[in-house]
Each structure stands twice: as C-alpha cells, then as structure tokens.
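**Q** Quick one: the structure is below, and I'll ask about it shortly.
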Amino acid sequence: MEEDRAWEVIEHPHMTEQAMDMVDLENKLVLMVDLDADKNRVEDAVETLFGVTVKKVNTQITPQAEKKAYVKLSEADDAMEVATKLGMM
C-alpha cells in the first residue's frame, strides 16, 4: 500500500486513558479509521506507515458513526514507539 493511501485509511489516533493503558500493557494501538476500511486495509496501512508487524485487528463502529480499530502488534514491535510517532505520548 502506498503511504498517501495508508493515511487515507488512518484518520487519527484515539487518545484516552484506556487507550494509553492498552499501549502500555497490551501492546495495542487504538486508531480511528475510515468507515469503509476493512481489517485487511487497516493492517496494511499500519504496517506500511510504521514498519511494524500486525498480529490482529479488531474494529468497532461507535454510536457517533466512526470506526475504531484496535491493532495488536507482534511481540517484536513496541506500541509505545508507534504511539510516540503518532504524537500520543
């Protein structure tokens, strides 16, 4: 996936206290993504933009009609580093 297409999939990080705990404890990122993006596109976008290996992606549509993606990274990658790149830390 091209980098500019990847940024169309990922809208912005979801920054809450619960999301920060997921970064610290579960090696997960919480991202707001395009409503039409499926799990495979989210996985490709994260791997393209941040050079990490994605283990699993779960998605949820919020009551505000936004899509939230929970991205679990492999043990070899650190979610804290990616969160820092995104400006979450």
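Derivation of every value follows stated rules applied to the coordinates shown; laboratory data play no part. Just so we're clear, the structure is a prediction, and the values are computed from it rather than from any experiment. No Cβ is skipped: glycine too gets one built from the backbone with ideal geometry, and neighbour counts run over all protein chains shown.
**Q** May I ask you to list the residues in the stretch 44-64 that are acidic (Asp, Glu) and within 14 Å of ALA79 (Cα to Cα)?
**A** GLU47
**Q** Anything in the stretch 44-55 that is over 17 Å from HIS14 (Cβ atoms) and outside any loop (DSSP other than H, G, I, E, B)? List them, or say none.
**A** ASP44, GLU47, THR48, LYS55
**Q** Quick one: which of ALA83, ALA65, ALA69 is over 21 Å from ARG5 (Cβ atoms) and surrounded by 19 or more Cβ atoms within 10 Å (Cβ to Cβ)?
**A** Residue meeting the stated conditions: ALA83.
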